[in-house]
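Notes for the one structure printed next.
The values are calculated or read from the model by the stated rules, or taken from the named source; none is laboratory data. Since the structure is predicted, the reported quantities are computational estimates derived from the model, not experimental observations. When we count neighbours, we look across all protein chains shown, and the Cβ atoms used for this are built from the backbone with ideal geometry, even at glycine. Just the protein is used for accessible areas: all its heavy atoms, side chains included, with ligands, DNA and RNA removed. Shrake-Rupley method; radii C 1.70, N 1.55, O 1.52, S 1.80 Å.
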Amino acid sequence: MRPYSLIAPAKINLYLEILGDRPDGYHELAMVMQSVALADQITLRANGTPRIQVFCDNPEVPADQTNLAYRAAVLMAETYVEAYRQYGGVDIRIEKRIPVGAGLAGGSTNAAAVLVGLDLMWGIGLTQIELQDLGAQLGSDVPFCIAGGTAIATGRGEVLSPLPNIDSLYVVLGKYQSLSVSTVWAYKTYRQRFEETYIREGDRLSAKRNAMKSGSLVSAINQGDHAQIGGLLYNDFEKIVLEEYPQVAALKSAMAACDPLGCLMSGSGPTVFALAETQDHADRIAADVRTAIPDRDLKLWVTQLCAHGIQMLPH
Ligand code: C5P
């Protein structure tokens, strides 16, 4: 059987508000999520054995059962027992380009690619919604990573409504290579600090969700107003992460001083991004940030916003 190769883009959050608790122990969120062209490449090959194996060119990525891509393949094998029996196990090769532990959904997008790829390889023919339902069992960001583009995400992050593309914009991503932030730590710390602000009543929660859907950032995206989009970026996690990690706060200040459309920390961090109108603009921001922070541990990427999620590569 021929191998299947897929492009798995990273995501950033243009907006992230933590609204409250959920009965399942997760947090109720209101977000705007955005794919970026910085992507991993995933190749799936039937290996003629019952085994599911992960290989990655980045030693920071675990190749064991904790890898979300591995868990995605197990979920497919357990859900589509007949297909797994017929086609057997699979080697999953991950060419890692997305930084790890970065708040860019690197693990989630790899899992999304495995779901999409095995569906094709095993000829199951799932719809995008069916793939996203499977994805939600693996992680809150997986459903978004399947569809990609620009979308409002509510619930745990898995309830999606698409927005118009704004993929002409460029983005500079900055991350200290040796620094990563645990998402579990970030949610726990946020809860300790801000639990009294959590909304518990169902009607107030849905009012909040609706307010975001008709709010200023979503209007700016609907109108393609880039300056407004840049001015309306927001992330609740900055309140705890920038305080705990002063170098992330300093990176954000350095980016903000370079005249971007706007800048923000993505997800639970520690990646900070700056939006730019053109590639030249983004290259200039990256060069100025590099001059302001000559630390070699700081890695910078210039990439473009992207209108899609998981995509098959032609063979
Ligand atoms: O869904 P995912 O497994 O990616 O989430 C990782 C962790 O982040 C969860 O175990 C939970 O602690 C936290 N989380 C949360 N509320 C969300 C999403 C994630 O509390 N909406």
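Here is a yes/no grid of residues against (1) modelled with pLDDT under 95; (2) in the same structural domain as G267 (by TED's automatic domain parsing); (3) assigned to a helix (DSSP H, G or I); (4) closer than 24 Å to M312 by Cβ:
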residue	(1), (2), (3), (4)
N13	no, no, no, no
L19	no, no, no, no
L29	no, no, no, no
A39	no, no, no, yes
T43	no, no, no, yes
P50	no, no, no, no
Q53	no, no, no, yes
A72	no, no, yes, yes
L75	no, no, yes, yes
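Answer yes or no: is there a residue in segment 81-97 that is under 30 Å from L264 (Cα atoms) and either within 16 Å of the ligand (Cβ to nearest atom) or open to solvent by 50 Å² or more (accessible area, probe 1.4 Å) (or both). Quick ask: steps written out before the conclusion?
Initial filter on segment 81-97 (under 30 Å from L264 (Cα atoms)): 94-97.
Among the residues that remain, those that are also either within 16 Å of the ligand (Cβ to nearest atom) or open to solvent by 50 Å² or more (accessible area, probe 1.4 Å) (or both) are: 95, 97.
Taking every residue of segment 81-97 in turn, at least one turns out to be under 30 Å from L264 (Cα atoms) and either within 16 Å of the ligand (Cβ to nearest atom) or open to solvent by 50 Å² or more (accessible area, probe 1.4 Å) (or both).
Among the residues of segment 234-244, the one identified as closer than 22 Å to L169 by Cβ and free of Cβ contacts under 8 Å to residues at least 40 places away in the same chain is E238. Within segment 85-107, the set of residues being of a type outside the set (K, R), over 20 Å from L6 (Cα atoms) and in a helix (DSSP H, G or I) comprises Q86 only. Against the numbered list (1) within 19 Å of V241 (Cβ to Cβ); (2) more than 13 Å from the ligand (Cβ to nearest atom), S161 comes up short only at (1).
Here is a yes/no grid of residues against (1) part of a helix (DSSP H, G or I); (2) not aromatic (F, W, Y):
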{"site": "S219", "(1), (2)": "yes, yes"}
{"site": "A227", "(1), (2)": "yes, yes"}
{"site": "A250", "(1), (2)": "yes, yes"}
{"site": "P260", "(1), (2)": "no, yes"}
{"site": "F273", "(1), (2)": "no, no"}
{"site": "R296", "(1), (2)": "no, yes"}
{"site": "V302", "(1), (2)": "no, yes"}
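The set of residues from segment 102-120 being surrounded by fewer than 24 Cβ atoms within 10 Å (Cβ to Cβ) and either in contact with a helix residue (DSSP H, G or I) (Cβ under 7 Å, 6 or more places away or on another chain) or among the β-branched types (V, I, T) (or both) comprises just one member, D119.
Each row is one residue, and each column tells you yes or no for (1) in the same structural domain as G103 (by TED's automatic domain parsing); (2) in contact (Cβ under 8 Å) with a residue 24 or more places away in the chain; (3) within 16 Å of the ligand (Cβ to nearest atom).
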| site | (1), (2), (3) |
| --- | --- |
| Y187 | no, yes, yes |
| R193 | no, yes, yes |
| L232 | no, yes, no |
| P246 | no, no, no |
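Could you check how many residues of segment 114-150 are aromatic (F, W, Y) and either within 17 Å of the chain's Cα centre (by Cα) or at pLDDT below 95 (or both)?
Residues of segment 114-150 aromatic (F, W, Y): 122, 144.
Then drop every residue that is not either within 17 Å of the chain's Cα centre (by Cα) or at pLDDT below 95 (or both), which leaves 144.
Adding up the residues that qualify gives 1.
Residue under question is V74, and the condition is that it be open to solvent by 30 Å² or more (accessible area, probe 1.4 Å) and at negative phi; does it hold? Taking the combined requirement at face value, the residue satisfies it.
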